[in-house]
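Okay, so here's the structure we're looking at.
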Amino acid sequence: GKALSLDGLSGRLEVPHATSLSPVNAITIELWVKPRSEPNCDGNNNYRLLLGKGNLNGAYSLVLEEDRSFQARVRVAPGMHYDLRSNGVAPLGQWTHVVVQYDAASGTMVFRLNGVETAR
């Protein structure tokens with residue numbers, strides 16, 4: 001098909017800015033991930049930025065942590081972020097469906113891995 005495949009080391013895709021990429025009231029981030037090897041390759045903090053608007057301290061981001069769990073972050077006010085850890089991991093060599101939702105009105109952030117809520 002037309003899926004994007006990145007090597008996990010240096011590959012990346014940049015998308016031109018559009019108003020729709022700057023949500024105000026809510027956001028849903030959804031993607032499929034299939035880790036082929038452990039992100040923890042040395043003694044350093046080996047997270048992998050999967051998606052971000054403004055990198056880690058921007059409007060929102062999603063990272064694969066070195067233990068293969070996920071962490072999402074959304075900016076809720078200037079200098080203030082909410083973050084949530086998935087409490088579940090992506091198995092090596094298997095596809096994992098990752099969904100993160102944030103609703104500003106309720107302040108609720110939810111992680112779902114393969115359709116199962118793993119953190120709120």
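Place +1 on the Cβ of every Lys and Arg and -1 on the Cβ of every Asp and Glu in the stretch 1-81, take the dipole about the Cα centre, and give the residue among A3, M80, G43 whose Cα lies farthest towards its positive end. My answer, from the dipole projection, is A3.
Farthest towards the positive end of the charge dipole of the chain, among the residues A104, Q94, F70, is the Cα of A104, using unit charges on the Cβ of Lys, Arg, Asp and Glu. Under the combined filter of DSSP loop state and at most 14 neighbouring Cβ atoms within 10 Å, the stretch 1-110 retains these chymotrypsin sites (Phe, Trp or Tyr not before Pro): W95.
Only Lys, Arg, Asp and Glu carry charge here, each on its Cβ (+1 for the first two, -1 for the last two); on that basis the chain has a dipole of about 220 debye about its Cα centre. Pair-distance distribution of the stretch 5-44: all C-alpha pairs, bin width 10 Å, starting at 0; shares per bin in whole percent are 17, 38, 30, 15.
For the pair E38 and H17, label points projected 7 Å from Cα toward Cβ lie 4.1 nm apart. Cα convex hull, the stretch 18-77: 100 Å³ per residue, rounded to a whole number.
Evaluated at 4 °C with a viscosity of 1.567 mPa s, what Stokes-Einstein diffusion coefficient in µm²/s does the chain have when Rh comes from the Kirkwood expression over alpha-carbon pairs? The estimated diffusion coefficient comes to 86 µm²/s. Amide H to amide H, which residues 5 or more places from N46 or on other chains are under 5 Å from it, using H placed in the peptide plane? Result for N46 returns E66.
Quick note: the coordinates plus some simple rules give every number you see, no bench work behind them. Keep in mind that what you see is a predicted model, and the values were worked out from it rather than measured. We place every Cβ from the backbone using ideal geometry, glycine too, and count neighbours over all the protein chains shown.
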